[in-house]
Structures are given as structure tokens and as C-alpha cells.
């Protein structure tokens, strides 16, 4: 069964994007490297309590594309079950200006994040930024991307166009799947910062799980995920993915 249509931008590409000298507007004087490393580079920091005892997720959404609250709560519960953060996990939302671009590239997302992000890793708290766009990705079939160690994006228009109507899955199901899949990549799955304890990487589809029922499985066709979610629940991590996270400091 092939059901997941999400795209991870590989670390080699992220590195090429992170060389911009422009600092975060809302974080002057703080080291940018905390937020400009490859996807998975902060996996242990996100999972373990050694360095950071709490996690803050900031969702930046463009007008008309506020996050679905049940999906956000699903993300929070997903994280609470996996990360060792004795001081908790909080999720905050902030509306940001709309983009004039109907489709966005990774560089466009980086520009938005640098101008609008206000939650940063500091002290005993690590922070993650998730952008909800008012358009699509440059690859129109893409629903979400993890593009840096604490950065991900969800493509709001693509979600809205493919959920909530007759013959489509609910927005909550689709959005929750995307949010948790991208969070899984930030946590180092698959073999992207959280080392595999048992081989389970889908070598044909990059850093994804080879289990067809796992949240981290990859499938290219958008219609696959829509059909799956019509009759099934939001996918979960399989045993191999859960083990990888536990061995890297998670619960």
C-alpha cells in the first residue's frame, strides 16, 4: 500500500541554502547556527533532556490558513509521547503576512522564517518553527517539508484543496499526518540523526521507512494519501521508528 505524499529536502540541499549572511530579524546577536543546520542535526537535542528541558513549537500561518486545532493537538500529543522534556511541550500560533507567490521554494520559506520567526532556542528550551503558507510548494504535489534542523513548512492551500469536501479526507486527518510526518524528520527519522537500530530505510525514497503502514513511509502520489485517509486513521510510527527515537534519547 502506498499512501504518503510528503517530501523531505535532503541535508546536502539544506546546507547549500543555509549560507545566507542575513540574520533572523527577531533574534539579533544570537547564533544563527542553532537554527540553520541540516534536517536531523538537532534530533538528540529535541528528544533528550540532557541539554534542553522544554520544547516550544511556533506555528506561523498566513491569513486564511490558520492551523486546524485538533491537528495541532494531535501534534502536541505526538511529541509528548516521544520527547523527554520534563518542563513540557508548548505550541503557539502567530499570523504573519501573506506571500504574494502562488508557489514557494525552500529559499522563499527561509526568507519568511528569517523575517517572521520569534521562537528561538535559548537557555533550557529548544524551539521549532512551522510555517503554514497561503500557496503551494514549487512541486505542486508536495504537502509538507522539513528543511532545516528546527524548521518545517505545511502548504495550506494544497491541504485545503485536498481535504474537507465530499470524497476527500477530513482536514484534521490530512493536516495531522503532515505535521507529525515532518516532526518525525526533525526528530531524525529515518536514519537522519536518529540512527537505525534495525535496517528499515526505504532506499528508493530517501529518508523514509520501508514499512507501508508507518507514518514515515513515502509515496509520491498525492491521491495515495487521500485514499488511505478516507478509510483509515492517521498513521503512526512503526516499532522500528519508535526504537530509533528511544535509543537517541526519546521516551
When you count, for each residue, the other Cβ atoms within 10 Å and take the mean per peptide, how do 194-205, 119-130 rank with the highest first? 119-130, 194-205
How big is Rg to Rh over the range 143-189, alpha-carbon atoms, Rh as the Kirkwood inverse-mean-distance radius? 1.04
Kindly provide the helix-only [θ] at 222 nm of the chain, computed as the sum of -39,500 (n - 2.57) over DSSP H runs of four or more divided by all residues, to the nearest 500 deg cm²/dmol? -9000 deg cm²/dmol
Jot down the radius of gyration and Dmax of the range 36-180, Cα atoms only, both in angstrom. 14.9, 47
Along Cα→Cβ, 7 Å out, is where each label goes; now give me the distance between the ones at residue 80 and residue 93 in nm to one decimal. 1.8 nm
Which of 33, 24, 217 moves the most in a Gaussian network model of the chain with Cα springs under 10 Å? 33
Would you please report the Å³ per residue occupied by the convex hull of the alpha carbon atoms in the range 17-87? 138 Å³
In Å³ and rounded to a whole number, note down the convex hull volume per residue for the Cα atoms of the range 133-215. 107 Å³
In what sequence, highest mean first, do 140-152, 103-115 appear when ranked by Cβ atoms within 10 angstrom? 140-152, 103-115
Length gain on complete extension for the stretch residue 73 to residue 203, per 0.36 nm per residue less the alpha carbon to alpha carbon distance? 43.6 nm
So, with points 7 Å from each Cα along the Cβ direction, the residue 33-residue 170 label distance in nm works out to 4.5 nm
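Using the 2.2 N^0.38 Å rule of thumb for compact globular proteins, work out how the range 89-157 stacks up: its C-alpha Rg over that value, please.
Output field value: 1.11.
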Over the chain, what per residue volume does the convex hull of the Cα atoms give, in whole Å³? 110 Å³
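Where a number appears in this text, it was derived from the coordinates with a stated rule and is not lab data. As the structure is a prediction and not an experimental result, all values here were calculated from the model. Ideal geometry is used to build each Cβ from the backbone, glycine not excepted, and the neighbour counts take in all protein chains shown.
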